[in-house]
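Asker: Dumping the structure here so I can ask a few things about it.
Read-outs: derived from the displayed coordinates by stated rules, not from any lab. This structure is a prediction, so every number in the text was calculated from the model and none was measured. Here Cβ is always computed from backbone atoms with ideal geometry, including for glycine, and neighbour counts include all displayed protein chains.
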Number of protein chains: 2
Amino acid sequence: MRLCSYVQGEWVESAGAGTPLFHAIDGSPVAEISSEGIDFGAMVRWGRETGGPALRRMTFHQRALMLKALALHLLQHKEEFYRLSRATGATRDDSWIDIEGGIGTLFAYSGKGRREMPNDHVYIDGAPETLSRGGGFTGQHVYLPLEGVAVHINAYNFPCWGMLEKLGPTLLAGMPAIVKPASQTAYLAERMVRRIVEAGILPAGALQLICGGVGDLLDHLDCQDAVTFTGSATTGLGLKQHPVIVANAVRFTMEADSLNSSILGPDAGPGTPEFDLYVEEVVREMTTKCGQKCTAIRRALVPRELLPAVGDALGKTLDRVVVGDPDLEGVTMGALASRAQVQEVRERVEQLRRCSELVHGSPDRFEVRGGDPQRGAFLPPLLLRCDEPLRHREVHEVEAFGPVCTLLPYDDPAQAVELARRGRGSLVGSVFTFDDDFAREMVLGIGPWHGRLLVIDRECGAESTGHGSPLPSLIHGGPGRAGGGQEMGGIRGVLHYMQCVALQGSPGRIGRISGRWIPGPDPVPDPVHPFRKGLDELEIGQGIVTRSRAIGLEEIERFAELSGDRFYAHMDAQAAAANPFFEGRVAHGYFIVSAAAGLFVDPAPGPVLANYGLENLRFHTPLYPGDSIRVAFTCKQKTPRENEDYGEVRWDCRVFNQRDELVASYDVLTLVARSSGDRLAAERA
Amino acid sequence: MRLCSYVQGEWVESAGAGTPLFHAIDGSPVAEISSEGIDFGAMVRWGRETGGPALRRMTFHQRALMLKALALHLLQHKEEFYRLSRATGATRDDSWIDIEGGIGTLFAYSGKGRREMPNDHVYIDGAPETLSRGGGFTGQHVYLPLEGVAVHINAYNFPCWGMLEKLGPTLLAGMPAIVKPASQTAYLAERMVRRIVEAGILPAGALQLICGGVGDLLDHLDCQDAVTFTGSATTGLGLKQHPVIVANAVRFTMEADSLNSSILGPDAGPGTPEFDLYVEEVVREMTTKCGQKCTAIRRALVPRELLPAVGDALGKTLDRVVVGDPDLEGVTMGALASRAQVQEVRERVEQLRRCSELVHGSPDRFEVRGGDPQRGAFLPPLLLRCDEPLRHREVHEVEAFGPVCTLLPYDDPAQAVELARRGRGSLVGSVFTFDDDFAREMVLGIGPWHGRLLVIDRECGAESTGHGSPLPSLIHGGPGRAGGGQEMGGIRGVLHYMQCVALQGSPGRIGRISGRWIPGPDPVPDPVHPFRKGLDELEIGQGIVTRSRAIGLEEIERFAELSGDRFYAHMDAQAAAANPFFEGRVAHGYFIVSAAAGLFVDPAPGPVLANYGLENLRFHTPLYPGDSIRVAFTCKQKTPRENEDYGEVRWDCRVFNQRDELVASYDVLTLVARSSGDRLAAERA
C-alpha cells in the first residue's frame, strides 16, 4: 500500500520510492510513504484561497453542525479504523481512546460551538469597555478567523485523536487545515482522511493531507497562518526557530512530551482508597498505549516511608499484565509503534539505570503471547526506583517513551514540590490525597509548572477520567519542557486560530459590526412592540421605552406577603434607615424586575415563546416607596438556531426612576420564533 | 550624571566608562549610561527568591491597592518628570501621554484588579466543567502567578508609560520585574524608579532596574520567567531566537512598530465631519511625539478621487505646525529623541522617495524656533504620496520612525483592504466613515491583520481617544510585523504573567482550592442560617436547604396583578398549552425567584446588608400551579474588601420542585459585613 497525500482536492501518489512502514505486532510491511513531488506552496495557496473563504462564509453554528455530521460519519466507519489500528500495536482499549476519543472531540466542539458561540461570523470576547465620560466612545474585543492555513504536525501515538482534536477547533474557527501525520502510523490517519473526503461534508480546500515530509511548506507561511505541533521537544524546537516562522510571527503552538509526575499524599497509606487508586493509576499510565503517551506518569512521587508498600503493590499489579497480540484473549498490553521505538526506549532505560534501580520487569527477558517476539515491537512494563532523586538529573530529564515509570521518594511536602518542579514544566500532574491542606499546598506549589492538575480521592476516584486523558473542555499543554503551548480547553482552543481585535467606535456602530448591541446615547425607537416581531424581523438596537409606573408602600407590602420575603430593609423603616446603603424602606429588587416585566411584556401569544433566563443583573440605585420606574427594552443579540424554527434573543433591559437614575440593568434571555407570521404556538396546538 | 542600576535592593553605579546621552533640544550632554559589572544572574535570583514570594503572599486586591498607592505617589512628583522629559525632545502634551498616561495605567489596573479579580491568590477562569455523568468529577481553569521574573525591555519613545503599562499587570499578577529602559531616554525611567523605590510601597525584590545593556541576563531564564519586549522588529526577532528563550520555552511577548494605516471612506468627502476628523487625526499622529509612536499612522489610505482634497487639507494643517524648543510659546512639535534618530529617519525617507513624492515639508530646509538647530534633533513633518501603492513594496515595508506619513490612493474597497494588509500585520488601523456597510467590510477585511481597529465618525469623533492611543482596557499588540504579541487588554494582560492550569477533582475539593464553591453531590449542611454569619465567619460550601412551598394558581394570578406581567403563558390555559415548551399555565420566572427569596431570606437585621445583583439565572423546568419549590442556598465565594468592614458574598441558589427536578439556578450577589458581631447597620444608625 502506497500512502497518498490529499493535495488541492486530489489524491496524489508520490513520485519517488517510499519509506516502508512495518506492522508493530508481526513486523510485516504495512505501507510505503513519501511526499516527493508535492508543490507545498500550491497547497498553502489552495487552503488560503479556496478553503478559507468557503469556511468563513459559514457561521460558527453552521461549522459546528458540520463537525457533528463529520463525527457521525466517522463513527459509521469505526470498525475499519479499529482493524487498521492493530498494526500500530494498539489494544482495542488503546484504539478506543484514539478513534472514538478523537471522534468524541468533534462532538464536543460541535456542542460547544453551538452553546458558547454566536450563530454569526464574529466572536465577542468580554464586555464592552466605555472609553469616554460621555459614553459615546466604546471598545469591544472580538475574534475573527485567521485568513491563512493551519498546519497540523501530529505525533505517531494517536493518529486519529491527534488529528481530530486539532481539526475540531480549527474548522470551528473557520480556518482550513493541512495535516501532516507522523509517518510511522500515517496509514491510519490517511484512511480516516479518505473517509472524511468521501463524505463530502467539508467544503473544498478545508482539509489537505501530507503523507511524508513537509518539504518547504513552512517557507510559505505568514502571520495569518498557524502551526500546531505535537511531538518530541527536539523536533518542535527546530520548527519553532524556523526563520520564516520567527520573521513572520507565524502563530506557533507546541505540545511536547514531558516528565509528568504523580504524587501520593502522606495521608494515603495502604488501606486507604487513595492508595489503591494511586497504584491502579500508575499501572494504567504505564501500560495504556504501552506508555506511549505524552501525558503518562513518568515519575511516581511517594512519601519515603510508603515506598516499600507502593513498590510491592505496583509489582503485584504489574505481574498481571499480559503483553502480546491484542487480538488474543487475555492480552492487556500490545506493542510499541515500531522496533526503532523499542530500541530508543531501551537506551533511555539504560540511561535511567545509572541513577535508578530496575525493580520490576526486564527489557531482555519477558513473555509475549502471540505476535512475533523477534519482529514485533514488544517491551514489558519496566518500573525503576531512584532513592536519591534530588541528587540525580537524569530521572527528571530522560524520558523513556514507553511502559516505563520511576518511583521517587520524598521526605516532606516541600520536597515533593521541588521534585515535581525538576521536570521543568509538565503537561499534567496529579495528587492522590484526602487532605485539603496537602492538596492546596501541592496545587499552589506545582501549579505554575503544569497545564493540568488532578486531585484524586475517594470522592471522585470512580468517576475520574484519569491522569493521562486530555479532555476537549480542558486545556492540553504545559509550560517549559512540555512546549509552552496550549490546545483545546473548549473555546480557548478555537481562539488560537483567530485574531483578537479591540474595536473602538460609537456604541451603535460597534454593536452592529459585532452583532451585539451596546448601550449608548442613541437608542433606535421602534413603533412596533418587539414582542410582535419574529427573530428574522427583529434588528439589534430596536426597542421600546415603556410608560412609567409608581411603586407604593402598600405594593411593597403585598409583594412581601406574596413572595414571603420580609427582609427588614423592605419592612422596617427604622432598621432600613440604619443600613449603610439605604435611607429608609426600599422595594425588593425582585419586585423591581417583576414590575419591569409588567411594563415591557406584551401579553398576547406571538413569536416570543419563553423567558429562559436573566444575566448580569445589577441594582444601581435603591427604589423608595413613591418612586416610579420605566424600562428601556432593546433587542441586544439574536442567535437563530440552524435546525429549528426558533432561536435565542437577548434583550437589554434598563430600569430608570423618575429622576432618570439607573435603578437596575440586566439582560433578559428569551426564545423567539423565527417569524411573527409563523405562529408557532397556535399552529402546533 | 551617571545613571545607576537598581540591583538586589541597592543603587549601583557601573564600573566602566559610560556611553554619553545628549539633550534632544540643544545637544548638551545629559547623562552617561553603563551596566558594566552587574551580576545579572544574581538579579534574577533576587527577583525569584525575594520579590516573588513577597508579592505572592499578597492577594490580588492588596496588590491592586499597592498600585494605587504607587500611582498617587508618582503623581506628586510629576513636575520633576516633566522637567526631565524636555530633554527627550517632548512637548508638554507629549510628556503628558508618557507621564500621566503611564500613571493612569496604574490607576486603571488598580481598579480592574479590585473589580474583576478576587481578593485571593487564585484567579478563576471560566465556569466549572462537569467531567462525569454523576457530577462527582469536575474541571476548573485557574491562573496562578509565574514564579520567576518578568524582564521588561522598553523602547526609548515612552520611558514612563512604556515602563508602567508593563509594571501594572506584572505586579498585579504577583510577579517581580526587572526593567531595562532603552538607553537614549533611560534618565527619565531611572528618575521614576528612584521615586518608586523611595516610596517604600513595593516589597523588596519586586522591582529592579538595569541602565545599560542586559549582558547575560537572558541566559538565566526558564519557563517561569517572561520577557516582554517593545522596540524594533530587528532587535525583537534577535531576542525571540535567543537559544535559552527557545529551549526553555520562556514566555516571550513582542510589540514592534508597524506600518499602521488609516482609511478614509468613500463617503467621507470634503464637508463631512469624517473628512475633517481624518485630516486632524493624520496630522496629530504625524506630530505627536514627533511621530515616534509605534502606533502612528504611516499610511493614509484615501479614495483616489479624494486624494487632492486630502493632500490640500493636510498641507494647510501642517503649515501651522511650529517646530522648536517646547519651552517656547507657540511651539507645537519638539525634537526627535536623538541626532542618530534624525539621521535614520532621513535615510528611510530617502528610501520612500524612490516610489513616492514628497508633497509637504523638506528634511533639509525648515524653521526651528529656539533650541539648537544644528545640535538638537529636529525634523519637520514630512508628507509623501505614492500614486501606485500596489506596485511598490517600500511604502508598505519601510518605516520612517518620525513625523512622516505617506498618502496612498485606493480605487475601491477591496483595494483598500489589500493595501492595509500589505503592512503584513499592524498594531492598529482606523477607518473614517459614516457608512455601516463600508465600516463592516473594512473591519472584517482587515481585522485579522490588526490588534486594534477604530471606526471614527461624527458620533464618536469628539470623544475618541485617538488612533495612536493604546488604552489599558484594550489589547495593545498586533500580528506579524507588529510582533505577534499582546499586552494590556485589562485582565488579559495580567494573565500573561500567570500560568493557566486546568484543575480536576471532586467539586468540593476543587471549589475549596480555587475559592469558589462548585455545585456537587455533597453539600455541607450548616445548622446556623448563613444570613446570621459575617463575611469572616462564612465558609464557602456552607448553606441551607429551605422548607418547601406550594405555588397555586391563585398566587400566580395575584403575582400577575401585582407585577402587571400578564403574559399569556401564565394567564391563559389554552394558549399556554399551545406553546411548544409548556403543557399549560406556568408560574412566572420572576415569581419563582421572588418566592425563592421568601424561602432563603432570614429577615432580621444582621450582617447581610443588601442584594446588589443576580447572575446566570436559568429556568430549567416549568413550574405548574400546584407544584412546590424548595431552595438549596450555599455560600459560593467571598470577596472581602481591603479597606472596608464589608465585602461581597456570592451565593449559589438552586430551586427544585417536589420531584427534585431543577427549576432554576442562579447566583445571588450580596454585600455582607465582615463580622456578625459588628452589627454594622445598627451601630451606624
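Asker: What are the nm distances, shortest first, from B:D437 to its equivalents in the other copies, labels at 7 Å along Cα→Cβ?
Answerer: Here the equivalent label points are 7.1 nm apart from this one.
Asker: Given an 8 Å cut-off on Cα distances and at least 6 residues of separation, report the relative contact order of chain B as a percent. Don't jump to the answer; show the numbers that get you there.
Answerer: Values: 1570 pairs, mean separation 87.6, N = 685.
Relative contact order comes out at 13 percent.
Asker: Ok, one more. Output the peptides B:363-376, B:92-105, A:247-260 sorted from most to least packed, where packing is the average of other Cβ atoms within 10 Å over each peptide's residues.
Answerer: A:247-260, B:92-105, B:363-376
Asker: Quick check: the distance between the Cα centres of the range B:428-472 and the range A:8-60, to the nearest angstrom?
Answerer: Computed from Cα coordinates, the inter-centre distance equals 40 Å.
Asker: In whole angstrom, how far apart do the alpha carbon centroids of the range B:217-234 and the range B:91-124 sit?
Answerer: The range B:217-234 and the range B:91-124 have Cα centres spaced 23 Å from each other.
Asker: Using label points projected 7 Å from each Cα along Cα→Cβ, tell me how many nm separate A:E397 and B:S675, to one decimal.
Answerer: For A:E397 paired with B:S675, the spin-label model returns 5.6 nm.
Asker: Within the protein assembly as shown, what percent of beta bridges assigned by DSSP are antiparallel, to the nearest 5? Walk me through the numbers before you get to the answer.
Answerer: Values: 128 of 220 bridges.
Roughly 60 percent of the DSSP beta bridges within the protein assembly as shown come out antiparallel.
Asker: Counting only C-alpha contacts under 8 Å and six or more residues apart, can you give the relative contact order of the range B:25-153 as a whole percent? All intermediate terms of the calculation are to be shown ahead of the outcome.
Answerer: Values: 104 pairs, mean separation 39.4, N = 129.
Reported as a whole number, the value is 31 percent.
Asker: So how far, in whole Å, is the C-alpha centre of the range B:576-641 from the one of the range B:176-200?
Answerer: 54 Å
Asker: In nm to one decimal, list the spacings between the B:D372 label point and its equivalents in the other copies, with label points set 7 Å along Cα to Cβ, shortest first.
Answerer: Distances to the matching label points in the other copies: 8.6 nm.
Asker: Further question on the same structure: Taking B:G16 in one copy and the same position in all the others, each labelled 7 Å out along Cα→Cβ, what are the pairwise distances from the first, in nm, shortest first?
Answerer: Shortest to longest, the spacings are 4.9 nm.
Asker: log10 I(q)/I(0), Debye, Cα-only the range B:213-344, no solvent, q = 0.14, 0.22 Å⁻¹?
Answerer: Taking Cα atoms of the range B:213-344 as identical point scatterers yields -0.80, -1.24.
Asker: While we're here: What FRET efficiency, computed as 1/(1 + (r/R0)^6) with R0 = 41 Å and r the Cβ-Cβ distance, is obtained for B:S132 and A:V545, rounded to the nearest 0.05?
Answerer: Numbers: r = 48 Å, r/R0 = 1.17.
Using R0 = 41 Å, I get an efficiency of 0.30.
Asker: While we're looking at this one, here's another question. At 30 angstrom or more along the helix axis (alpha-carbon based) and mean Kyte-Doolittle of -1.0 or higher, what helices does chain A contain? Whole DSSP H runs only. Before the final figure, lay out the partial values.
Answerer: Numbers: long enough: A:92-116 (33 Å, -0.78).
Flagged H segments are A:92-116.
Asker: Residue separation times 0.36 nm, minus the C-alpha to C-alpha distance between B:R659 and B:T234: what's the value? Before the final figure, lay out the partial values.
Answerer: Values: separation 425, 0.36 × 425 = 153.00 nm, distance 6.76 nm.
Length difference between fully extended and current span is 146.2 nm.
Asker: Would you calculate the volume per residue, in Å³, of the smallest convex hull containing every Cα atom of the protein assembly as shown?
Answerer: Details: hull volume 247.7 nm³, N = 1370.
Considering the Cα atoms of the protein assembly as shown, their hull volume per residue is 181 Å³.
Asker: On average, how many beta carbons from a partner chain sit within 10 Å of the beta carbon of a residue in A:431-440? Mind showing how you got there, number by number?
Answerer: Values: counts 2, 0, 2, 2, 1, 4, 0, 0, 6, 5.
Whole-number average of other-chain Cβ neighbours for A:431-440 is 2.
Asker: Separate question: To the nearest whole number, what is the average tally of beta carbon atoms from other chains within 10 Å of the beta carbons of peptide B:423-430? Each step should come with its number before you reach the end.
Answerer: Details: counts 0, 5, 6, 0, 0, 3, 1, 2.
That works out to 2 on average.
Asker: Something else: Arrange the peptides A:537-550, B:322-335 so that the one whose residues have, on average, the most other Cβ atoms within 10 Å appears first. List each step's numbers first, then the result.
Answerer: Details: A:537-550: 17.2, B:322-335: 19.2.
Per-residue Cβ counts within 10 Å, averaged per peptide and sorted highest first, yield B:322-335, A:537-550.
Asker: Shifting gears a bit: Just from its helices, what would the mean residue ellipticity at 222 nm be for the protein assembly as shown, if runs of 4 or more DSSP H residues each count -39500 (n - 2.57) and the sum is divided by every residue, rounded to the nearest 500 deg cm²/dmol? Spell out each step's value before the answer.
Answerer: On the way: 44 runs with 440 residues, N = 1370.
After summing the helix terms and dividing by the residues of the protein assembly as shown, the value is -9500 deg cm²/dmol.
Asker: Okay, next question. Can you give the convex hull volume per residue for the Cα atoms of the range A:490-630, as a whole number of Å³? Please report the intermediate quantities before stating the final value.
Answerer: Values: hull volume 28.0 nm³, N = 141.
Roughly 199 Å³ of hull volume per residue.
Asker: Another one. Report the calculated FRET efficiency for B:T621 and A:D437 (r = Cβ-Cβ distance, R0 = 35 Å), to the nearest 0.05. Walk me through the intermediate numbers first.
Answerer: Details: r = 40 Å, r/R0 = 1.13.
It comes to 0.35.
Asker: Which lysines have a Cα lying under 26 Å from the Cα of B:K68, excluding residues fewer than 8 positions away in the same chain?
Answerer: Within the straight-line limit of under 26 Å, B:K68 reaches these lysines: B:K78, B:K112, B:K166, B:K180, B:K638.
Asker: Can you give the three extents of the C-alpha atoms in chain A along their principal axes, from longest to shortest, in whole Å?
Answerer: For chain A, the Cα spread along each principal axis is 90, 62, 54 Å.
Asker: Considering every residue in A:507-518, what mean count of other chain Cβ atoms within 10 Å of its Cβ is obtained? Kindly include the intermediate steps, with their values, before the conclusion.
Answerer: On the way: counts 2, 4, 12, 6, 0, 3, 9, 2, 0, 0, 0, 0.
Average per residue, whole number: 3.
Asker: Expressed as cubic angstrom per residue, what is the convex hull volume of the alpha carbon set of the range B:261-472? Can you show the working numbers first?
Answerer: Values: hull volume 25.3 nm³, N = 212.
With only Cα atoms used, the range B:261-472 gives 120 Å³ per residue.
Asker: Further, regarding this structure: On full extension of the chain, what length is gained from A:K316 through A:S628, given 0.36 nm per residue of separation minus the C-alpha to C-alpha distance?
Answerer: Working: separation 312, 0.36 × 312 = 112.32 nm, distance 7.61 nm.
Going from the current span to full extension adds 104.7 nm.
Asker: Okay, moving on. In percent, what relative contact order does the range B:447-574 have, based on Cα pairs under 8 Å that are 6 or more apart in sequence? Can you show the working numbers first?
Answerer: Details: 100 pairs, mean separation 15.4, N = 128.
Relative contact order of the range B:447-574: 12 percent.
Asker: Equivalent ellipsoid semi-axes for the range B:350-403, as square roots of 5 times the alpha carbon gyration tensor eigenvalues: give them largest first, rounded to whole Å.
Answerer: On the way: eigenvalues 142, 24, 11 Å².
Here the semi-axes work out to 27, 11, 7 Å.
Asker: Please give the peptides B:7-16, B:556-565, A:427-436 ranked by average Cβ packing (other Cβ atoms within 10 Å per residue), highest first, as a rough proxy for protection.
Answerer: On the way: B:7-16: 14.2, B:556-565: 19.7, A:427-436: 25.1.
Highest-to-lowest ranking by the protection proxy: A:427-436, B:556-565, B:7-16.
Asker: Here's another thing I want to ask about it. Over the alpha carbons of the range B:146-293, what is the largest minus smallest coordinate on each principal axis, giving the biggest first in Å?
Answerer: 58, 38, 28
Asker: Suppose every K and R has +1 on its Cβ and every D and E has -1 on its Cβ; what is the size of the dipole of the range B:335-381 about the Cα centre, in Debye to the nearest 20? Each step should come with its number before you reach the end.
Answerer: Working: 8 positive and 7 negative charges, 9 e Å.
In total the dipole reaches around 40 debye.
Asker: Just to be sure I follow: if Rg is taken over the C-alpha atoms of the range A:266-330 and Rh is the Kirkwood radius over the same atoms, what is Rg/Rh?
Answerer: Result: Rg/Rh = 1.02.
Asker: Taking only Cα atoms of the range A:1-128, what ratio of Rg to Rh do you get with Rh as the Kirkwood inverse-distance radius? Each step should come with its number before you reach the end.
Answerer: Working: Rg = 19.0 Å, Rh = 17.8 Å.
My calculation of the ratio gives 1.07.
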